Amino acid sequence: MKIGMMSFAHMHAYSYAEGLKNIPNVELVGIYDDNVERGQEVAVNYNTIHYSDQADFLAQEMDAVIICSENNRHKEMVLNAAKAKKHILCEKPIATNLDDATEMIEVCEDNNVTLQIAYPVRFSSPIRELKEMIDKGELGDIVAFRSTNRGQNPGGWFIDEEQSGGGAVLDHTVHMLDIMRWYLNEEVTEVRAFVDSYFHNVDIDDAGILTFEFNNGVIASHDASWSRFTEYPTWGDATIEVIGTKQTVKVDAFKEHFRMFGSGSKSLEHVFFGNDMDYGLILDFVNCVKEGREPSITGYDGLKSLEVSLAAYQSSELKRAIKL
(Lines give C-alpha, C1' and ligand atoms only; values in the text may rest on other atoms or scores of the structure.)
Protein backbone atom coordinates (compact mmCIF):
# COMPACT_ATOMS: atom_id res chain seq x y z
CA MET A 1 0.00 0.00 0.00
CA LYS A 2 1.27 3.47 -0.91
CA ILE A 3 0.67 6.25 1.62
CA GLY A 4 1.66 9.92 1.61
CA MET A 5 1.80 12.43 4.44
CA MET A 6 0.54 16.00 4.31
CA SER A 7 2.41 18.41 6.61
CA PHE A 8 4.59 17.74 9.62
CA ALA A 9 3.28 20.78 11.52
CA HIS A 10 1.79 18.51 14.21
CA MET A 11 4.29 16.53 16.29
CA HIS A 12 2.25 13.33 15.92
CA ALA A 13 3.33 13.20 12.27
CA TYR A 14 6.72 11.83 13.30
CA SER A 15 5.32 8.90 15.29
CA TYR A 16 2.82 8.16 12.51
CA ALA A 17 5.65 8.06 9.97
CA GLU A 18 7.58 5.69 12.26
CA GLY A 19 4.47 3.53 12.44
CA LEU A 20 4.24 3.30 8.66
CA LYS A 21 7.86 2.10 8.51
CA ASN A 22 6.97 -0.84 10.76
CA ILE A 23 3.97 -2.13 8.79
CA PRO A 24 4.80 -4.78 6.15
CA ASN A 25 3.94 -3.95 2.54
CA VAL A 26 3.35 -0.25 3.29
CA GLU A 27 5.45 2.42 1.59
CA LEU A 28 5.71 6.11 2.50
CA VAL A 29 5.82 7.42 -1.06
CA GLY A 30 5.98 11.15 -0.42
CA ILE A 31 5.58 14.10 1.91
CA TYR A 32 3.81 17.36 1.14
CA ASP A 33 4.89 20.28 3.29
CA ASP A 34 4.97 23.90 2.20
CA ASN A 35 7.49 24.50 4.96
CA VAL A 36 10.26 23.54 2.57
CA GLU A 37 13.07 23.26 5.11
CA ARG A 38 11.04 20.99 7.38
CA GLY A 39 9.68 18.95 4.49
CA GLN A 40 13.09 18.34 2.94
CA GLU A 41 14.58 17.32 6.29
CA VAL A 42 11.75 14.89 6.98
CA ALA A 43 11.93 13.41 3.49
CA VAL A 44 15.64 12.67 3.96
CA ASN A 45 15.00 11.09 7.37
CA TYR A 46 12.29 8.82 5.99
CA ASN A 47 13.95 8.12 2.65
CA THR A 48 11.11 9.52 0.57
CA ILE A 49 10.29 12.49 -1.70
CA HIS A 50 9.36 16.00 -0.60
CA TYR A 51 6.72 17.99 -2.50
CA SER A 52 6.22 21.70 -1.84
CA ASP A 53 3.21 21.85 -4.18
CA GLN A 54 0.04 20.18 -2.92
CA ALA A 55 -1.39 19.48 -6.37
CA ASP A 56 1.84 17.79 -7.52
CA PHE A 57 1.82 15.64 -4.39
CA LEU A 58 -1.82 14.56 -4.79
CA ALA A 59 -1.22 13.73 -8.46
CA GLN A 60 1.12 10.91 -7.40
CA GLU A 61 0.01 7.30 -7.24
CA MET A 62 -0.98 6.55 -3.65
CA ASP A 63 -3.84 4.88 -1.82
CA ALA A 64 -4.13 7.17 1.19
CA VAL A 65 -2.80 10.23 2.99
CA ILE A 66 -2.22 11.16 6.62
CA ILE A 67 -2.86 14.85 7.40
CA CYS A 68 -0.93 16.46 10.28
CA SER A 69 -1.22 20.16 9.48
CA GLU A 70 -2.28 23.08 11.63
CA ASN A 71 -5.93 22.63 12.64
CA ASN A 72 -7.28 25.39 10.42
CA ARG A 73 -5.78 23.69 7.33
CA HIS A 74 -7.46 20.32 7.89
CA LYS A 75 -10.46 21.26 5.75
CA GLU A 76 -8.38 22.43 2.79
CA MET A 77 -6.23 19.29 2.76
CA VAL A 78 -9.08 16.84 3.39
CA LEU A 79 -11.16 18.30 0.56
CA ASN A 80 -8.27 18.27 -1.88
CA ALA A 81 -7.25 14.72 -0.93
CA ALA A 82 -10.83 13.46 -1.17
CA LYS A 83 -11.25 14.97 -4.64
CA ALA A 84 -7.99 13.24 -5.61
CA LYS A 85 -9.59 9.94 -4.46
CA LYS A 86 -7.17 9.37 -1.57
CA HIS A 87 -8.35 7.75 1.66
CA ILE A 88 -7.67 10.00 4.64
CA LEU A 89 -6.49 9.84 8.24
CA CYS A 90 -6.81 13.36 9.65
CA GLU A 91 -5.23 14.56 12.89
CA LYS A 92 -7.64 15.76 15.56
CA PRO A 93 -9.61 17.94 15.97
CA ILE A 94 -11.35 17.27 12.68
CA ALA A 95 -11.73 21.04 12.09
CA THR A 96 -12.01 24.35 13.92
CA ASN A 97 -15.76 24.75 13.38
CA LEU A 98 -18.77 22.52 12.77
CA ASP A 99 -19.57 23.79 9.27
CA ASP A 100 -16.10 22.84 8.03
CA ALA A 101 -16.32 19.44 9.71
CA THR A 102 -19.70 18.73 8.11
CA GLU A 103 -18.42 19.72 4.67
CA MET A 104 -15.36 17.51 5.06
CA ILE A 105 -17.51 14.50 5.91
CA GLU A 106 -19.85 15.14 2.98
CA VAL A 107 -17.07 15.59 0.43
CA CYS A 108 -15.41 12.36 1.53
CA GLU A 109 -18.73 10.53 1.22
CA ASP A 110 -19.35 12.05 -2.22
CA ASN A 111 -15.93 10.86 -3.40
CA ASN A 112 -16.27 7.45 -1.76
CA VAL A 113 -13.09 7.78 0.33
CA THR A 114 -12.46 6.86 3.94
CA LEU A 115 -12.21 9.67 6.50
CA GLN A 116 -10.75 8.49 9.79
CA ILE A 117 -9.92 10.85 12.67
CA ALA A 118 -6.73 10.37 14.67
CA TYR A 119 -7.75 9.49 18.22
CA PRO A 120 -4.89 7.18 19.25
CA VAL A 121 -6.10 6.93 22.87
CA ARG A 122 -8.65 4.38 21.62
CA PHE A 123 -5.71 2.06 20.96
CA SER A 124 -4.23 2.23 24.47
CA SER A 125 -4.26 -1.27 26.00
CA PRO A 126 -5.68 -0.16 29.40
CA ILE A 127 -8.35 1.95 27.67
CA ARG A 128 -9.34 -1.02 25.46
CA GLU A 129 -9.36 -3.45 28.40
CA LEU A 130 -11.78 -1.17 30.25
CA LYS A 131 -13.99 -1.03 27.14
CA GLU A 132 -14.14 -4.85 27.17
CA MET A 133 -15.08 -4.87 30.86
CA ILE A 134 -17.90 -2.39 30.21
CA ASP A 135 -19.21 -4.37 27.23
CA LYS A 136 -19.21 -7.58 29.31
CA GLY A 137 -21.29 -5.86 32.01
CA GLU A 138 -18.58 -6.13 34.67
CA LEU A 139 -19.14 -2.55 35.85
CA GLY A 140 -22.92 -2.79 35.78
CA ASP A 141 -24.77 0.29 34.57
CA ILE A 142 -22.53 3.31 34.07
CA VAL A 143 -23.44 6.18 36.37
CA ALA A 144 -20.67 8.72 35.77
CA PHE A 145 -17.23 9.46 34.30
CA ARG A 146 -14.30 11.44 35.67
CA SER A 147 -11.52 12.19 33.20
CA THR A 148 -8.36 14.24 32.82
CA ASN A 149 -6.02 15.14 29.99
CA ARG A 150 -3.27 17.36 31.43
CA GLY A 151 -0.08 17.94 29.48
CA GLN A 152 2.53 20.49 28.54
CA ASN A 153 2.01 23.66 26.50
CA PRO A 154 3.12 22.77 22.94
CA GLY A 155 3.61 26.43 21.97
CA GLY A 156 4.00 27.45 18.33
CA TRP A 157 0.85 27.48 16.25
CA PHE A 158 -1.08 25.70 19.03
CA ILE A 159 -1.27 29.00 20.93
CA ASP A 160 -2.35 30.97 17.83
CA GLU A 161 -6.15 30.80 17.91
CA GLU A 162 -6.50 31.51 14.18
CA GLN A 163 -4.49 28.38 13.37
CA SER A 164 -5.52 26.12 16.25
CA GLY A 165 -9.17 27.08 16.77
CA GLY A 166 -8.74 26.84 20.53
CA GLY A 167 -6.26 26.12 23.27
CA ALA A 168 -5.95 23.34 25.83
CA VAL A 169 -9.69 22.76 26.08
CA LEU A 170 -10.02 21.98 22.38
CA ASP A 171 -6.70 20.14 22.27
CA HIS A 172 -7.38 17.94 25.30
CA THR A 173 -11.16 17.52 25.41
CA VAL A 174 -11.74 15.79 22.08
CA HIS A 175 -9.65 12.74 23.09
CA MET A 176 -11.44 11.87 26.32
CA LEU A 177 -14.89 12.88 25.08
CA ASP A 178 -14.33 10.42 22.24
CA ILE A 179 -13.54 7.69 24.78
CA MET A 180 -16.70 8.47 26.76
CA ARG A 181 -18.86 8.28 23.62
CA TRP A 182 -17.16 5.01 22.66
CA TYR A 183 -17.74 3.49 26.09
CA LEU A 184 -21.33 4.66 26.39
CA ASN A 185 -22.71 4.76 22.83
CA GLU A 186 -24.63 7.87 23.85
CA GLU A 187 -24.38 11.58 23.02
CA VAL A 188 -23.80 14.63 25.21
CA THR A 189 -26.88 16.85 25.62
CA GLU A 190 -25.58 19.52 27.99
CA VAL A 191 -22.19 21.16 28.61
CA ARG A 192 -21.00 23.46 31.39
CA ALA A 193 -17.45 24.81 31.56
CA PHE A 194 -15.01 27.26 33.10
CA VAL A 195 -12.22 28.07 30.63
CA ASP A 196 -9.31 30.50 30.97
CA SER A 197 -5.53 30.92 30.92
CA TYR A 198 -4.14 30.06 34.35
CA PHE A 199 -0.62 28.67 33.87
CA HIS A 200 0.94 30.65 31.02
CA ASN A 201 1.02 34.24 29.86
CA VAL A 202 -0.75 33.46 26.57
CA ASP A 203 -3.79 34.88 24.79
CA ILE A 204 -5.49 31.50 24.59
CA ASP A 205 -6.94 29.09 27.12
CA ASP A 206 -4.54 26.73 28.85
CA ALA A 207 -7.04 25.02 31.18
CA GLY A 208 -10.68 24.28 31.72
CA ILE A 209 -13.04 22.31 33.96
CA LEU A 210 -15.96 20.82 32.03
CA THR A 211 -19.07 18.87 33.00
CA PHE A 212 -21.27 16.93 30.60
CA GLU A 213 -24.65 15.26 30.74
CA PHE A 214 -25.45 12.47 28.29
CA ASN A 215 -28.89 11.77 26.90
CA ASN A 216 -29.30 8.70 29.13
CA GLY A 217 -28.60 10.71 32.30
CA VAL A 218 -24.93 9.77 32.78
CA ILE A 219 -22.87 12.71 34.09
CA ALA A 220 -19.18 13.39 33.54
CA SER A 221 -16.41 15.78 34.48
CA HIS A 222 -13.27 16.56 32.51
CA ASP A 223 -10.09 18.39 33.52
CA ALA A 224 -8.22 19.63 30.42
CA SER A 225 -5.04 21.66 30.65
CA TRP A 226 -1.50 22.50 29.58
CA SER A 227 -0.53 22.58 33.25
CA ARG A 228 2.57 20.35 33.24
CA PHE A 229 5.86 22.26 33.38
CA THR A 230 8.87 21.39 31.20
CA GLU A 231 10.73 19.50 33.93
CA TYR A 232 7.71 17.32 34.80
CA PRO A 233 8.66 13.59 34.75
CA THR A 234 6.33 12.82 31.85
CA TRP A 235 4.38 14.68 29.17
CA GLY A 236 1.12 14.38 31.11
CA ASP A 237 -1.84 12.06 31.53
CA ALA A 238 -5.00 10.77 29.90
CA THR A 239 -7.17 9.24 32.61
CA ILE A 240 -10.74 8.07 32.84
CA GLU A 241 -12.61 6.77 35.86
CA VAL A 242 -15.80 4.89 35.08
CA ILE A 243 -18.28 4.70 37.94
CA GLY A 244 -20.69 1.79 37.60
CA THR A 245 -23.36 0.20 39.78
CA LYS A 246 -21.16 -2.88 40.31
CA GLN A 247 -17.69 -1.35 40.53
CA THR A 248 -15.56 1.69 39.70
CA VAL A 249 -12.47 1.36 37.50
CA LYS A 250 -9.85 4.03 36.69
CA VAL A 251 -7.19 3.82 33.98
CA ASP A 252 -4.44 6.11 32.69
CA ALA A 253 -3.25 5.62 29.12
CA PHE A 254 0.24 6.77 30.19
CA LYS A 255 0.50 5.02 33.57
CA GLU A 256 2.61 2.08 32.35
CA HIS A 257 6.05 3.38 33.16
CA PHE A 258 9.08 2.95 35.37
CA ARG A 259 10.84 5.79 37.18
CA MET A 260 14.34 6.82 36.16
CA PHE A 261 16.38 9.18 38.31
CA GLY A 262 19.24 11.22 36.83
CA SER A 263 21.31 14.35 37.22
CA GLY A 264 20.18 16.10 34.03
CA SER A 265 17.53 18.79 33.56
CA LYS A 266 14.98 16.28 34.84
CA SER A 267 15.94 14.58 38.07
CA LEU A 268 13.05 12.15 37.58
CA GLU A 269 11.62 10.77 34.33
CA HIS A 270 8.75 8.38 33.73
CA VAL A 271 9.88 5.97 31.00
CA PHE A 272 6.82 4.56 29.21
CA PHE A 273 6.80 0.84 28.40
CA GLY A 274 3.16 0.33 27.39
CA ASN A 275 1.84 -0.35 23.91
CA ASP A 276 2.34 2.21 21.12
CA MET A 277 -1.06 3.86 20.68
CA ASP A 278 0.03 5.78 17.59
CA TYR A 279 1.16 2.56 15.89
CA GLY A 280 -2.19 0.97 16.77
CA LEU A 281 -4.00 3.88 15.14
CA ILE A 282 -1.90 3.73 11.96
CA LEU A 283 -2.23 -0.05 11.69
CA ASP A 284 -6.00 0.21 12.09
CA PHE A 285 -6.19 2.85 9.35
CA VAL A 286 -4.09 0.76 6.96
CA ASN A 287 -6.26 -2.31 7.59
CA CYS A 288 -9.42 -0.24 7.19
CA VAL A 289 -8.30 0.94 3.75
CA LYS A 290 -7.07 -2.52 2.77
CA GLU A 291 -10.33 -4.19 3.79
CA GLY A 292 -12.60 -1.42 2.48
CA ARG A 293 -14.46 -1.17 5.78
CA GLU A 294 -15.82 1.78 7.73
CA PRO A 295 -13.11 3.31 9.92
CA SER A 296 -13.04 2.62 13.64
CA ILE A 297 -13.16 6.37 14.29
CA THR A 298 -15.32 8.15 11.74
CA GLY A 299 -15.62 11.74 10.63
CA TYR A 300 -18.89 11.83 12.57
CA ASP A 301 -17.01 10.83 15.74
CA GLY A 302 -14.68 13.77 15.09
CA LEU A 303 -17.64 16.09 14.54
CA LYS A 304 -19.38 15.13 17.80
CA SER A 305 -16.29 15.54 19.98
CA LEU A 306 -15.59 18.90 18.32
CA GLU A 307 -19.19 19.98 18.98
CA VAL A 308 -18.84 19.37 22.71
CA SER A 309 -15.45 21.10 22.91
CA LEU A 310 -16.73 24.22 21.16
CA ALA A 311 -19.81 24.23 23.42
CA ALA A 312 -17.45 24.38 26.41
CA TYR A 313 -16.06 27.70 25.16
CA GLN A 314 -19.57 29.02 24.63
CA SER A 315 -20.64 27.93 28.11
CA SER A 316 -17.67 29.63 29.74
CA GLU A 317 -18.23 32.86 27.79
CA LEU A 318 -21.98 32.99 28.48
CA LYS A 319 -21.66 31.60 32.03
CA ARG A 320 -24.44 29.08 31.53
CA ALA A 321 -25.10 25.54 30.41
CA ILE A 322 -25.23 24.89 26.67
CA LYS A 323 -27.84 22.46 25.37
CA LEU A 324 -26.89 20.36 22.35
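Mean separation of Cα pairs under 8 Å and 6+ residues apart, divided by the residue count of the stretch 69-141: what relative contact order is that in percent?
After rounding, I find 30 percent.
Please name whichever of ASN112, LEU324, LEU177 sits farthest to the positive end of the charge dipole of the chain, dipole taken about the Cα centre and charges placed at Cβ: Lys and Arg +1, Asp and Glu -1.
Value: LEU177.
How far is the Cα center of the stretch 116-165 from the Cα center of the stretch 28-54, in Å?
30 Å
Can you give me the accessible area per residue for the stretch 153-305, using a 1.4 Å probe, in Å²?
With all protein chains present, the stretch 153-305 gives 47 Å² per residue.
5 Å is the cut-off here: which amide hydrogens, built 1.01 Å from N in the peptide plane, fall below it relative to TYR32, excluding neighbours closer than 5 in sequence?
The list, which skips near neighbours in sequence, is MET5, MET6, SER7, TYR51.
Shape call for the chain from the C-alpha gyration tensor, a ≥ b ≥ c root eigenvalues: rounded (a/c under 1.5), prolate (a/b greater than b/c) or oblate?
Rounded shape, in that the Cα axes give a/c under 1.5.
Under a point-charge model restricted to the Cβ atoms of Lys and Arg (+1) and Asp and Glu (-1), what is the dipole moment magnitude of the stretch 9-115 relative to its Cα centre, in debye to the nearest 20?
Value, rounded to 20: 240 debye.
Assign unit charges at the C-beta atoms only (+1 for Lys and Arg, -1 for Asp and Glu), then state the dipole size of the stretch 1-55 relative to its Cα centre in Debye, rounded to the nearest 20.
I would put it at about 200 debye.
For the Cα atoms of the chain, what angle does the longest principal axis make with the long axis of helix 277-291, in degrees from 0 to 90, nearest 10?
60 degrees
Taking R0 as 41 Å, what FRET efficiency do you get between ASN97 and SER267 from their Cβ-Cβ distance, rounded to the nearest 0.05? Intermediate results must be reported in sequence, preceding the final value.
On the way: r = 43 Å, r/R0 = 1.05.
E(calc), rounded to 0.05, equals 0.40.
Heads up, I need the accessible area for ASP100: 1.4 angstrom probe, whole protein in place, Å², nearest 10.
Using a 1.4 Å probe on the heavy atoms, I get roughly 30 Å².
Leaving out ligands, DNA and RNA but keeping every protein chain, what accessible area does LEU324 have, in Å² rounded to the nearest 10, with a 1.4 Å probe?
Estimated to the nearest 10 Å², LEU324 gives 80 Å².
Give the residue from ALA311, VAL242, MET11 lying farthest towards the positive end of the charge dipole for the chain; charges sit on Cβ (+1 for Lys and Arg, -1 for Asp and Glu) and the dipole is referred to the Cα centre.
The residue sitting most towards the positive pole is VAL242.
Please get the size of the charge dipole for the chain, origin at its Cα centre, with Cβ charges of +1 on Lys and Arg and -1 on Asp and Glu, quoted in debye to the nearest 20.
The calculation lands at about 860 debye.
Just how many pairs of Lys in the stretch 75-228 have C-alpha atoms closer than 23 Å, counting pairs that are eight or more places apart or on different chains? Let's see the in-between values first.
Details: LYS75/LYS83; LYS75/LYS85; LYS75/LYS86; LYS75/LYS92; LYS83/LYS92; LYS92/LYS131.
Lysine pairs meeting both conditions in the stretch 75-228 amount to 6.
On a 0 to 90° scale, report how tilted helix 98-110 is relative to the longest principal axis of the chain, with both axes built from alpha carbons and the result rounded to the nearest 10.
50 degrees
How much accessible area per residue does the stretch 1-79 have, counting only protein heavy atoms and a probe of 1.4 Å, in square angstrom? Numbers along the way, then the final one.
Numbers: 3370 Å² over 79 residues.
Here the per-residue accessible area is 43 Å².
How would you classify the stretch 282-324 from its alpha-carbon gyration tensor, with a ≥ b ≥ c the square roots of the eigenvalues: rounded for a/c under 1.5, else prolate if a/b is greater than b/c, otherwise oblate?
Since a/c reaches 1.5 and a/b is larger than b/c, the shape of the stretch 282-324 is classed as prolate.
Carbon and sulfur: what percent of the chain's accessible surface (1.4 Å probe)?
Numbers: 6570 of 14410 Å².
Answer for the chain is 46 percent, counting heavy atoms of protein chains only.
Identify the residues of the stretch 71-87 with backbone N under 12 Å of a label point that sits 7 angstrom from the Cα of GLU106 along the Cα-to-Cβ direction, or state none.
none
Could you give the length gained on full extension between ASP34 and PHE194, defined as 0.36 nm per residue of separation minus the Cα-Cα distance, in nm?
Values: separation 160, 0.36 × 160 = 57.60 nm, distance 3.70 nm.
Full extension of this stretch gives 53.9 nm more.
GLY30: net charge of surrounding residues, Cβ under 11 Å, Lys/Arg +1, Asp/Glu -1, itself excluded?
Residues close to GLY30 contribute a combined charge of -3.
If a/c stays under 1.5 just call it rounded; otherwise compare a/b with b/c (prolate if a/b is bigger, oblate if not). Do that for the stretch 104-248, with a ≥ b ≥ c from the square roots of the Cα gyration tensor eigenvalues.
Judged from the Cα gyration tensor, the stretch 104-248 comes out oblate (a/c at least 1.5, b/c at or above a/b).
If I take R0 = 22 Å and measure r between the Cβ atoms of ASN287 and GLU27 in this structure, what FRET efficiency does the formula 1/(1 + (r/R0)^6) give, to the nearest 0.05? Working shown, then result.
Working: r = 16 Å, r/R0 = 0.72.
Efficiency at R0 = 22 Å is approximately 0.90.
Any chance you could give the angle, 0 to 90 degrees and rounded to 10, that helix 74-83 forms with the longest Cα principal axis of the chain?
Helix 74-83 sits roughly 50 degrees off the main axis of the chain.
The values are calculated or read from the model by the stated rules, or taken from the named source; none is laboratory data. Computed from a prediction, not measured in an experiment: that's the story for all the values here. Reconstructed Cβ throughout: ideal geometry from the backbone, glycine too, with neighbour counts over all protein chains shown. Note: accessible area is taken over every heavy atom of the protein model, side chains too, but ligands, DNA and RNA are not part of it. Shrake-Rupley method; radii C 1.70, N 1.55, O 1.52, S 1.80 Å.
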